[in-house]
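Quick notes on the structure that follows.
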Amino acid sequence: MNLFTRFRSFQTNIVLAFVLVILMTILIMSVTSYYLSRDSVKTNTQAYTLELVKQVNQNIKSYVNGMKYMSSLVANNRSVQQYLSTESFESLREEKKQKDTVSDFLEAMFISRSDIASINIFGSDDKFISGRKDFELNPNFEIKSMKWYKDAIAANGADVVSSSHVQPIIKGRYPWVVSLSRELLSHDGTQKLGVFLVDLNFNVLSDMLKDIKLGDRGYVFIIDSSGKIVYHPQQQLIYSNLKSELIDNVLANTSGTFTSDEGSRSRIYSIQDSDFGWKIIGVSYVNELVANQQNMRSSFILLGIICIVIAIMISVLLTQRISQPIKMLEHHMKEVEKGNFDIHVPVPRTIEIGRLARTFNIMVGKIKELMTQAISDQEQKRKSEIKALQSQINPHFLYNTLDSIIWMAESYKAKEITIMTSALAKLLRSSISKGEELVQISTEVEHITSYLKIQKMRYSNKMDYLVEISESLRDYLSIKLILQPIVENAIYHGIKKKRGSGWIMIRSEETESDILLIVEDNGYGMDNEKCKSLLHPSTIRSGSRGGVGVRNVHERLQLYFGTQYGLSYTSELGVGTVVTIRFPKVL
């Protein structure tokens, strides 16, 4: 490889660029050591502050997790559930016994933690249980109007950690606390039982954070998600507006750091988000990091300008040479990303980029070929699956219908024979539908009406039916033969098992984009387990005619229109079954 070829190499260009950058970096470092030292100290201080804030977050998190663990114990305690869910007790003695059991349970938690100010349960029907039996509610405050109570109800069973506040709910006690509240729900989640509250003494946070120092004047403070101060070492000054913090800037930033623009009083804020909505912030003063920072400012500015100009000139020359073929290749890649595979990348002179361009051209051609083949294969597969699924619907009712006609002929019921034969002819004609997969809903209605007419004649005293399909929907298209398997299932597994006569109703509903055909019967019905598993392929036995037919309809709808469409079942034993068929509006 000659010298000229080497110079065209992408690798050689990169090496030259790095050599120039390194030389420039050495030059800058030799005259700006102070600046780099200041930045190093600042970076290390930020890293130290972030680690310290993270450690504070872990310590606070352990306290909050302890409170959350208590709330989980209470929420899942059998005695608590039983007492709160019972509306009326057999006797006052029984009520007192259950209440004492819950109270003893809370008292054990209260005693186990010296940092807890109070632990209470407020039932939805004004029941009140405390971890201290001598505690009484303060009659001057409405519990349900307290913010921690409203937040717990809004969280619907999740733990809510409040900001620091005075807790006035216990008569004669006004401690400064942080509260964790949680709405208590029944095990099945259907019944709201009340709200659990545990108050953590604020001095726990104060003792944990008051001795933390970041330099001579640095400190740590905490705010909640709304920007309210949870803890600040100079909290009284904050409340008196003698000191302020950049709360809006803190709320706008996630975990990380930013520096305030306050001149000589500039501060570095290091922020750590907690899992429970608080932000722990460490504050350091910039002018404490490096002293005497004014000495080299003028010389640094001048040197910095010169270096920037030189660096820009060199960077423009080098990057233009290096990046131009890459940008060209990137442009063509974006075209491929948009779906345009009819492109060809010109091969540049740079060796490595030229190889990439040639490989890219080969790859695009291969992808285009594979995509064409995949689309063809998938389309053929879809058609084959639809035909295979459709072939699973075996019209065994034809045998039963012909058998009924023979029986009528033997009984000389000529009129009934005419009606049934006509209905059978219409049924078979609509089933064929000229080989098309999509038919008008009116055709499907004609088909199912003929089918029901035949079944009505066979089970004259056992079954009745009603078809009410909106005229405005009859011109829309649907997959053919979707109603018959469901109606057949309703007759053979619902109406026939029912004592006495039954009925089947077919009606329609519509949304802005979808059509719903609803088949409802008052037959034998199904239990929830059978209802949920009916459309699952693993639950259908090979000999289960009804299951295959219903599953077939569901799969055909999903294959043709998408997985968001198909069948859904609701049923109740002894009451009946409702089947909803959903598919999009197609004209």
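Within segment 257-268, the set of residues being out of contact with any Lys or Arg (no Cβ under 9 Å at 6 or more places or on another chain) and touching a residue at least 24 places away in the same chain (Cβ under 8 Å) comprises just one member, THR257.
With respect to ASP151, is the statement that it is open to solvent by 60 Å² or more (accessible area, probe 1.4 Å) and of a type outside the set (S, T, N, Q) true? No: the conditions fail for ASP151.
Tell me, please, whether a residue that is open to solvent by less than 50 Å² (accessible area, probe 1.4 Å), closer than 30 Å to SER103 by Cα and not hydroxyl-bearing (Ser, Thr, Tyr) can be found in segment 205-217. Within segment 205-217, one or more residues are open to solvent by less than 50 Å² (accessible area, probe 1.4 Å), closer than 30 Å to SER103 by Cα and not hydroxyl-bearing (Ser, Thr, Tyr). Taken over segment 157-168, the criterion of being assigned to a loop (DSSP other than H, G, I, E, B) and touching an Asp or Glu at 6+ places or on another chain (Cβ under 6 Å) is satisfied by GLY157, GLN167. If the condition is being of a type outside the set (D, E, K, R) and in a loop (DSSP other than H, G, I, E, B), then segment 89-131 contributes PHE89, SER91, SER114, SER124, GLY131. In summary, strands (runs of 3 or more DSSP E) completely within segment 472-587 and bearing 2 or more residues that are farther than 17 Å from LEU438 by Cα and modelled with pLDDT of 85 or more occur at 502-510, 514-521, 566-572, 576-584.
Among (1) in contact (Cβ under 8 Å) with a residue 40 or more places away in the chain; (2) of a type outside the set (Lys, Arg); (3) more than 17 Å from ASP125 (Cα to Cα); (4) open to solvent by 30 Å² or more (accessible area, probe 1.4 Å), where does GLN191 come up short? Result: GLN191 passes all but (3). Looking only at residues in segment 248-282 that are at pLDDT 80 or above and in a helix (DSSP H, G or I), the one that is surrounded by the most Cβ atoms within 10 Å (Cβ to Cβ) is VAL250. Cβ-Cβ contacts under 8 Å between residues 6 or more apart (or on different chains), taken from a first residue in segment 214-242 that is within 18 Å of ASN203 (Cα to Cα) and among the polar types (S, T, N, Q) to a second residue that is at pLDDT 75 or above and surrounded by fewer than 14 Cβ atoms within 10 Å (Cβ to Cβ), are listed as GLN234/LYS243. Restricting to segment 439-454, and then to whatever is open to solvent by less than 40 Å² (accessible area, probe 1.4 Å) and touching a Phe, Trp or Tyr at 6+ places or on another chain (Cβ under 8 Å), can you tell me which residue is modelled with the highest pLDDT? Ranking the qualifying residues of segment 439-454, first place goes to ILE441. Only a single criterion out of (1) closer than 23 Å to ILE454 by Cβ; (2) open to solvent by less than 50 Å² (accessible area, probe 1.4 Å) is not satisfied by HIS493, namely (2).
When we screen GLY502, GLY525 for residues that are within 23 Å of HIS554 (Cα to Cα), open to solvent by less than 50 Å² (accessible area, probe 1.4 Å) and of a type in the set (Gly, Ala, Ser), the only hit is GLY525. Residues of segment 169-208 that are in a loop (DSSP other than H, G, I, E, B) and within 28 Å of ASN59 (Cβ to Cβ): ILE169, ARG173, TYR174, PRO175. Going by what's in this entry, would GLU245 be described as buried (at least 17 other Cβ atoms within 10 Å of the Cβ), under 30 Å from VAL74 (Cα atoms) and without any contact (Cβ under 8 Å) to a residue 60 or more places away in the chain? So GLU245 does not fit the description; no.
The values are calculated or read from the model by the stated rules, or taken from the named source; none is laboratory data. Since this is a predicted model, take the numbers as computed values, not measurements. Methodologically, a virtual Cβ is constructed for each residue, glycine included, from the backbone with ideal geometry; neighbour enumeration extends over all protein chains shown. Each accessible area value is taken on the protein alone, full model and side chains, heavy atoms only, with ligands, DNA and RNA left out. Shrake-Rupley method; radii C 1.70, N 1.55, O 1.52, S 1.80 Å.
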